[in-house]
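One structure is given here, and the rest of the page talks about it.
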Amino acid sequence: MTGVATGAVDAVVFDWGGTLTPWHALDLREQWLRYAEIYEPADAAVAGALADRVLAAEDEAWRAGRDHQRSATLDQIFRGVGVDPDSARHREALSAYHAFWEPHTFTDPDVPDLFASLRDRGIAVGVLSNTLWTREYHEDVFRRDGVLDLIDGAVYSSELPWTKPHPDAFRAALAAVGVEDPARAVFVGDRPYDDIHGAKAVGMRAILVPHSAIPEAQKGHVEGEPDAVVQRLAEVLDVVDAWRA
C-alpha cells in the first residue's frame, strides 16, 4: 500500500481493458485492415486507404477523450469516414473486426473468484470502461466468460457524454452500484490518469494494476497516487479485506 485508506467498502468498480482483460500490444492498423478487406473487397488499395482513415479517426477520438473527456462510439467514427453502419457489408466487415479482437478480450482467470468473493462479503461489483464499443458487445464478452451475472452495475463511456477521468463518469458508475458516498467505494484500474487520478478526484479509493504498456498518445496529463498497488487481480481481495478490518 502507498497510503492509509481504511473503512467500509460498499462497492469495488473495475476498469475493463488492461484490468479485467490482460493488456496485449497490438498492431492497431491490422484491426481496420481486417474490416476494410471485407468492406472494400475488390481493391486492396481502396481497402488500405479506408483502414488508414478509420485508424486516424479512432486515434482522434481517443485524443478527444484524453484531452477533453469527450466520448465517442464506433458508429460515429464510421459515419465520419463515410461508412454506412446500417449496411449489410458493414455488418459483415464488423464481424471480421470483432473476430480480430476476440483473443484479446478474454477475462482474467482471477476474475470469477474475485467477483464472487466480493459479493459474498456484501460488496457490489461494478465496471466503468472508456470504450467505443456498445454495452451489448461488452455484455456478450462477460457472458461468454461466465461473469456477467456477477456484475451489479456497469457503465460504458459509449453511452455517456464523457470519458474517464471526468468526475461524472465515476459518479455514473457509483450510481450504477448504488453507492452515494465515494469514500465507501474502490476503483481498480491500470491507468494512472484515467483510472487512479479520476477515481481519487471524486473521493474514491484507488488500486493500480501496473501491467499495461500505455501508448504515449494515451497517457494523461497527470498521474494519480494509488492507495494500493497489486500485481494480480486476486490480490484486490486482500487489500479490500485489510481496509475493511
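The values are calculated or read from the model by the stated rules, or taken from the named source; none is laboratory data. Values in this document were obtained by computation on a predicted structure and should not be read as measured data. Backbone-built Cβ (ideal geometry, glycine too); neighbour counts: all protein chains shown. Areas reflect the complete protein model, heavy atoms only, side chains present, ligands, DNA and RNA absent. Shrake-Rupley method; radii C 1.70, N 1.55, O 1.52, S 1.80 Å.
A few comments on the model shown:
- Between the Cα long axis of helix 88-101 and the first principal axis of the chain there is an angle of about 50°, rounded to the nearest 10.
- Around the Cα centre of the chain, unit charges on the Cβ atoms of Lys, Arg, Asp and Glu (plus for the first two, minus for the last two) sum to a dipole of about 400 debye.
- Taking every protein chain into account, the 1.4 Å probe leaves residue 77 with about 10 Å² of accessible area, to the nearest ten.
- Compactness of the chain was expressed as the Cα radius of gyration divided by 2.2 N^0.38 Å, which yields 1.04.
- For region 158-245: rounded, prolate or oblate by the Cα gyration tensor [a/c cutoff 1.5]: oblate
- Estimated inter-spin distance, residue 117 and residue 63, nm [label 7 Å along Cα→Cβ]: 4.3
- Cα pair count fraction exceeding 28 Å, expressed as % - region 104-236: 9
- Here's the picture: charge each Lys and Arg Cβ at +1 and each Asp and Glu Cβ at -1 in the chain, and of 46, 141, 174 the one pushed furthest to the positive end of that dipole is 174.
- Here is how the number arises for the chain: DSSP H runs of 4 or more residues each give -39500 (n - 2.57), the sum is divided by the residue count, and the result at 222 nm is -12500 deg cm²/dmol.
- Annotation: the antiparallel percentage among DSSP beta bridges lying fully within the chain is about 5.
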